[in-house]
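Student: Sharing a structure here in structure tokens format.
The values are calculated or read from the model by the stated rules, or taken from the named source; none is laboratory data. Predicted, not measured: the structure shown is a model, and the values here were computed from it. Every residue, glycine as well, gets a Cβ built from its backbone with ideal geometry; the counts of neighbours run over all protein chains shown. All accessible areas refer to the heavy atoms of the entire protein, side chains included, with ligands and DNA or RNA removed. Shrake-Rupley method; radii C 1.70, N 1.55, O 1.52, S 1.80 Å.
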Amino acid sequence: MAAVDKYNVESAEILANSALHLPITQAAPIYEQLLTIFPTAAKYWRQYVEAQMGVNNDDATKQIFSRCLLNCLHVPLWRCYIRFIRKVNDRKGVEGQEETRKAFDFMLSYVGADIASGPVWMEYIAFLKSMPAANTQEETQRMTAVRKAYQKAIVTPTHHIEQLWRDYENFENSVSRQLAKGLLSEYQPKYNSARAVYRELKKYVDEIDWNMLAIPPTDSCKDQMQWVAWKRLLAFEKGNPQRIDSASNKRIIFSYEQCLMYLYHYPDIWYDYATWQAKSGSMDAAVKVFQRALKALPESEMLKYAYAELEESRGSLQSAKKLYESILGDAAETTALAHIQFIRFLRRNEGVEAARKYFLDARKSPSCTFHVYVAYALMAFCLDKDPKVAHNVFEAGLKQFMHEPVYILEYADFLSCLNDDRNIRALFERALSSLPQEESIEVWKRFTQFEKTYGDLASMLKVEQRRKEALSGTSEEGASALETSLLDLISRYSFKDLWPCSSKDLDHLSRQEWLSKNIGKKVDKSALSNGSAMTDKSTSTPSGVSTASLKVLRPDTSQMVIYDPRQHHGTTVPSNTTTAILAAPNLSNPVATVVGAASNPLSNPTVSMVDGVSSNAFDEVLKATPPALSAFLAGLPSIEGPAPNVDIVLSICLQNDYPTVQTKKATSLPSQRIAGPAPSTSDLSGSSKSHPIPSNSSFRPRDRQLGKRKDQDRQEEEESTTVQSQPLQRDAFRIRQMQKARGGSASQTGSVSYGSAFSGDLSGSTC
């Protein structure tokens, strides 16, 4: 398996299946390779150990069990262990039976709480019953052991809890009916509680995939759902549903251990388990959990900090210090954060001098950034109450990090806490003289805010003018940026979220400023109407106003044509108008809307411009569009107005021959009627009346047509039985035609109407 893709589940399954058909000498290296990557895969451990048992290699079998049993609380694997123990001890007589009984007790102490442990309890009880008894005392001891096993089994929520209860009733009644009555009445409520808990527990257990391999967290839906399922199960067990104090913690520990078999690489599960142990008072158990966690995830700094925090909280400072030193690691790989956290640890536990000494050493490290200087300076100022040391640290860092705007701002904040306005001005002047224009924007902004707070009117106006002059080269407006606007005044006389104007005035002023910056440019009218002016990145707004809310993409309505009511029917409209109309949200055909908008990306900028996505995605939509729908959309004529006429669209639908599922009669009907005379519109039910045939015809088609019509109607009725048995969609077109017919509109000159698109009948007349 490649190191890059060592957690490939499919490859692991192929290897495991191939090992089944190989001799144990060839299969063992494969199993070792798999179990190095998946150390909690119980099914691979079981497959490995069964292969060793198959060749009677007892020593290797014992070694494998010692490696996997305590970390894989999986009932099938443990039953394999019991089977091996019984096979080994069957030849030892009474001594071997005692060893087997101890093995059963050992197994039940670990997996006896599993919901699938019912067969294990039954096997254990059957084994106890089979043990020989040489005298009455041994018989009594055997019966007592069987009774205790039953009483533990019937209060454990398992799949076989009802069967175990029935067996227990039979057992007690077979021993003593008088004694059975009292014992059964005592354990009946406990059994009922366990059975109720089992029904609730089963809902959570059924959501878990018990064949899942432990892989690092991914973004797949399956992995996330498994994480949620385990979280729900753990929350259920922590609620102590059986209200049994003595067994509650054991069940929670068992649930965490099972969870870690599948979520082995999830640091949050390890952290939750360790913190739960610590809150429960088991500090040593919490330490062991953290040690196992770091063995599973040796590169996790989060778990190392959590472990060090636990050791520090319980007074084990040397262990905590070793953890911090392990985080520091090699000097070349040490991060600035590791330096900062170790300085804080030393300051908390060893005092100021130890922290100062390490800081002086950390300054020489290539991984020391300005963050280390800021952290140590603030520590000296806030914890040691020594502003002089903090000031010296900031000054020392300024020699190396004058090019870092963030460091300059942190230093300015520190000086603001000292109320040292003179040094703040000096700091800003030094920084702005060395920083390039692109990196000095935030520093200039903070300088102007400082003058608003500490300066007078003259200094305030002077700094604002200097800021404009310095930053004028970074924007396209050039000289116009030097002009004073009302927005500058608003910025000077605002405070936090208080403004000397309304939001409407502020919006208006922002628009006007954008216009003033674009006077020399060609401005689209649509840009003014749809608010695209607010998206200009160079728009200057008062300090404190977030520009994120102004970066809103608007549809470019310049590609749409305004509807003119004076347009006459049949007037040619540009093709982009049709596309824009198809993209309108009020059409009743969403498929046509998507395809129409995708066919011309320029007509729908909301689709083609948002987040810079091109129209390639909509080309894929067009490829997936059925041919009939594409042909229909391509054959649509130019239409007038903001929305198409429903009658025209339905008429076009009826005129086209689509490859739809229809009866043979309906499929061949249009081609048969094109050559004949057009039927009348007076029969709205779908029937057509024949026009007179010239007298020189050599046949009388009326009777023949009537008979043929009846046969066709009968055939159509038989063929459409299945279709008619289903609820048809509402025929909006026929309803509209019926309403027009009632109003006398059917007889108007030049009217054209078509029958129902569902029945396949056509009717029309031209006068």
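Student: How much FRET efficiency would the formula 1/(1 + (r/R0)^6) give for GLU10 and LYS129, where r is the Cβ-Cβ distance and R0 is 41 Å, rounded to 0.05?
Tutor: For R0 = 41 Å, the calculated efficiency reads 0.35.
Student: Under a plain spin-label model, where a point goes 7 Å from the Cα along Cα-to-Cβ, how far apart in nm are LYS322 and VAL175?
Tutor: Roughly 5.1 nm, to one decimal.
Student: Report the residues of the stretch 279-319 in range of a label on ASP330: point 7 Å along Cα→C-beta, backbone N strictly under 18 Å from it.
Tutor: 298-301
Student: To the nearest 0.05, how large is the calculated FRET efficiency for SER485 and SER365 if R₀ is 51 Å and r is the Cβ-Cβ distance? Don't skip to the answer; put the middle values down first.
Tutor: Details: r = 49 Å, r/R0 = 0.95.
Computed FRET efficiency for SER485 and SER365 comes out at 0.55.
Student: Between the stretch 135-171 and the stretch 5-83, how far is it from one alpha carbon centroid to the other, in angstrom?
Tutor: 34
Student: Right, next: Contour minus end-to-end for MET283 and SER18, with contour as 0.36 nm per residue of separation and end-to-end as the Cα-Cα distance?
Tutor: On the way: separation 265, 0.36 × 265 = 95.40 nm, distance 4.46 nm.
Extending this stretch completely gives an extra 90.9 nm.
Student: Could you work out the mean projected area of the convex hull around the alpha carbons of the stretch 301-342, in square nanometres to one decimal?
Tutor: Mean shadow area of the hull around the Cα atoms is 2.6 nm².
Student: What number, in percent, do you get for the relative contact order of the stretch 1-156 if the mean sequence gap of Cα pairs under 8 Å and at least 6 apart is divided by its residue count?
Tutor: 13 percent.
Student: Then there's this: Pick out, in residue order, every one of the trypsin sites (Lys or Arg not before Pro) in the stretch 357-465 that is DSSP loop and has at most 11 other C-beta atoms within 10 Å; say none if there are none.
Tutor: Here the trypsin sites (Lys or Arg not before Pro) that fit, given the DSSP loop and packing criteria, are LYS364, LYS385, LYS399.
Student: Calculate the spin-label point distance for LYS152 paired with ASP90, positioning each point 7 Å from the Cα along the beta-carbon direction, and give it in nanometres.
Tutor: According to this spin-label approximation, the distance is 2.4 nm.
Student: Let me ask something else. Given ALA285, GLN242, TYR264, which one lies farthest toward the positive end of the charge dipole of the stretch 240-315, if we put +1 on the Cβ of every Lys and Arg and -1 on the Cβ of every Asp and Glu?
Tutor: About the Cα centre, the residue reaching furthest to the positive side is GLN242.
Student: Additional query: Residue separation times 0.36 nm, minus the C-alpha to C-alpha distance between LYS231 and SER472: what's the value? The partial results should precede the final answer.
Tutor: Numbers: separation 241, 0.36 × 241 = 86.76 nm, distance 5.62 nm.
Here the segment from LYS231 to SER472 would lengthen by 81.1 nm.
Student: Determine one quarter of the surface area of the Cα convex hull of the stretch 388-518, which equals its mean projected area, and express it in nm² to one decimal.
Tutor: For the stretch 388-518, the mean projected area of the Cα convex hull comes to 8.7 nm².
Student: Further, regarding this structure: At 7 Å along the Cα-to-beta-carbon direction for both ASP413 and LEU383, put a label point, then send me their distance in nm to one decimal.
Tutor: 1.8
Student: Here is a follow-up. Between SER185 and GLN224, how high is the FRET efficiency from 1/(1 + (r/R0)^6) when r is the Cβ-Cβ distance and R₀ = 51 Å? Nearest 0.05.
Tutor: My answer for the efficiency is 0.60.
Student: Still on this structure: For the stretch 368-432, how big is the tail of P(r) above 16 Å, as a whole percent of Cα pairs?
Tutor: In whole percent, the long-distance tail amounts to 37.
Student: Something else about it: Between the DSSP loop rule and a limit of at most 15 other Cβ atoms within 10 Å, which chymotrypsin sites (Phe, Trp or Tyr not before Pro) in the stretch 172-260 are left?
Tutor: Taking the stretch 172-260 and a limit of 15 other Cβ atoms within 10 Å, the loop chymotrypsin sites (Phe, Trp or Tyr not before Pro) found are TRP210.
Student: For every other residue with a beta carbon closer than 15 angstrom to the beta carbon of LEU35, add +1 if it is Lys or Arg and -1 if Asp or Glu, then tell me the sum.
Tutor: Spelling it out: positives minus negatives among the neighbours equals +2.
Student: Can you list the GluC sites (Glu not before Pro) in the stretch 252-320 that are in a DSSP coil and have 13 or fewer other beta carbons within 10 angstrom?
Tutor: Taking the stretch 252-320 and a limit of 13 other Cβ atoms within 10 Å, the loop GluC sites (Glu not before Pro) found are GLU299.
Student: About the Cα centre of the stretch 28-155, how large is the charge dipole given +1 on each Lys and Arg Cβ and -1 on each Asp and Glu Cβ? Please answer in debye to the nearest 20.
Tutor: 240
Student: In addition: With all protein chains present and a 1.4 Å probe, how do THR218, THR25, THR61 order by accessible area, largest first?
Tutor: In descending accessible area the options line up as THR25, THR218, THR61.
Student: OK, next. With no solvent and one point on each alpha carbon, what is the Debye value of log10 I(q)/I(0) for the stretch 1-155 at q = 0.11 Å⁻¹?
Tutor: Debye intensities relative to I(0), on a log10 scale: -0.53.
Student: Tally Lys and Arg at +1 and Asp and Glu at -1 over the other residues with C-beta under 15 Å from the C-beta of ASN192: what net charge comes out?
Tutor: +1
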